[in-house]
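The values are calculated or read from the model by the stated rules, or taken from the named source; none is laboratory data. Source: prediction; values computed, not measured. Cβ sites come from the backbone with ideal geometry, for glycine too, and all protein chains shown count toward neighbours.
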Amino acid sequence: MAELEKPRLGVAMIGHAFMGRVHSQAWRSASRFFDLPMEPRMRVLVGRDAQRSKQAAQRLGWVESATDWRRVLERKDVDLIDICTPGDTHAEIAEAALAAGKHVLVEKPMANSVAEAQRMNDTAHRARAQGVHAMVGFTYRRVPALKLAQELIAEGRIGEVRQVRAQYLQDWLGDETAPLSWRLDKTRAGSGALGDIGAHIVDLTYFLTGQRFAGVSGMLDTIVAERPLAAKVAVAAGGIGGSGGGLGGGLGTAVEEPGAVGMGPVTVDDAALVTARLTSGAPVILEASRFAWGRKNALRIEISGSRGAVSFDFEDMNVLHYYDATQPARTSGFTRILATEPEHPYLESWWPPGHGLGYEHGFTHQVVDLVRGIAAGEDPRPSFEDGLHVQRVLEAIQHSSGASHQWTEIHDQER
Ligand code: SOE
């Protein structure tokens, strides 16, 4: 009974490929597992193609489908727009949604350029004064083991941060016959491995250490310059280009131009290598690659401090390794913490200890924090301000790479 009295939060989602599917799962599950102050209602799914959007809406649990996101912004029963489309559409949709008084969740990276991200942040700042909130979908912040790492670092359990080393490795482009997709097109994706997966380790470094980046030196490489246009592969779950691959969730299978033959240019980076410094001066080394054979989704981050270290690998995502350097050398070593106890972040609502969570749970936690933030009248983190910082780091890396790896400072103008 009490459930029915909760205020409703009408949601519209744009795009229904990889990201749309996992976001739908999050909207479906959040209030079933967590006690939320508002009840999300999955009102409408928006995609380019009417038939495919209708099918996707039915399959993913949305009441209706639509093809014109602008019309959806006019609906009184829609309070929040969840943007799961390629990066080139983020700024336009987010700005229009915020101006129409709708809360916004936008997939990462927030935009394709600093100029766009800056505009989005300005719009979000104005919207906040009207009680309208915005958030960027850096979902890995909500993996329990990584949230635990952030808490341990904030509690001083590794002392002062001295060094960060992070990698995000995948291998779906290792095969040079893998077809072109929007993720390999600079005008749509903004960048390649850098923005798609490198953005996550930039954000995680910022989140875990609590420090922004002060400067970077970057090297971007395009390893395979041309790929097949792949005429015959159908686009399985598009949305507005969708934020991901086909129905099976593959990242490399989406095709932009059915009927096309021959080869097309890859206009983004395949791999990014970066050295950087945080505002404290602590050095950082980052690597993002979609050519790392055998590494399917290896997001690894290790932070060494003056009194210990934390270490994480998404391929073993329920585990955090913690090293306490104050322990006697004779018995010291990394402690393997299985972050599945009710005492661990977000775990109070899930399974008994040891039963583990998966990729999709981070997205459910993202919805939980977003809804709680909206109800409390706060911008949940990562805010558009946070997303803008990440965008500045990405652009500085691109600039540095194009200028013979020149050291490039990052200047955040605080409001
Ligand atoms: C979404 O958070 C995302 O960054 C995808 O866009 C990437 O392609 C995926 O591999 C990691 O997660």
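Per the listing 363, 384, the residue uniquely within 14 Å of the chain's Cα centre (by Cα) and more than 18 Å from residue 144 (Cα to Cα) is 384.
Matching residues to (1) closer than 23 Å to residue 362 by Cα; (2) at pLDDT below 95; (3) of a type in the set (Ser, Thr, Tyr):
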| site | (1), (2), (3) |
| --- | --- |
| 4 | no, yes, no |
| 12 | yes, no, no |
| 22 | yes, no, no |
| 25 | yes, no, no |
| 51 | no, no, no |
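Helices (runs of 4 or more DSSP H) fully within the range 107-206 that include at least 1 residues being without any contact (Cβ under 8 Å) to a residue 40 or more places away in the chain: 114-128.
Applying the set (1) surrounded by fewer than 18 Cβ atoms within 10 Å (Cβ to Cβ); (2) aliphatic (A, V, I, L, M); (3) in contact (Cβ under 8 Å) with a residue 40 or more places away in the chain to residue 370 leaves exactly one unmet item: (1). Residue count for the range 354-390 under the criterion of being touching a helix residue (DSSP H, G or I) at 6+ places or on another chain (Cβ under 8 Å), at pLDDT 95 or above and in a loop (DSSP other than H, G, I, E, B): the result is 4. Scanning the range 166-190 for residues that are of a type in the set (S, T, N, Q) and within 12 Å of the ligand (Cβ to nearest atom) gives 170, 181. Given the structure, is residue 57 among the hydrophobic types (A, V, I, L, M, F, W, C), under 20 Å from residue 136 (Cα atoms) and crowded, with 18+ Cβ neighbours inside 10 Å? Spelling it out, it is not the case that residue 57 is among the hydrophobic types (A, V, I, L, M, F, W, C), under 20 Å from residue 136 (Cα atoms) and crowded, with 18+ Cβ neighbours inside 10 Å.
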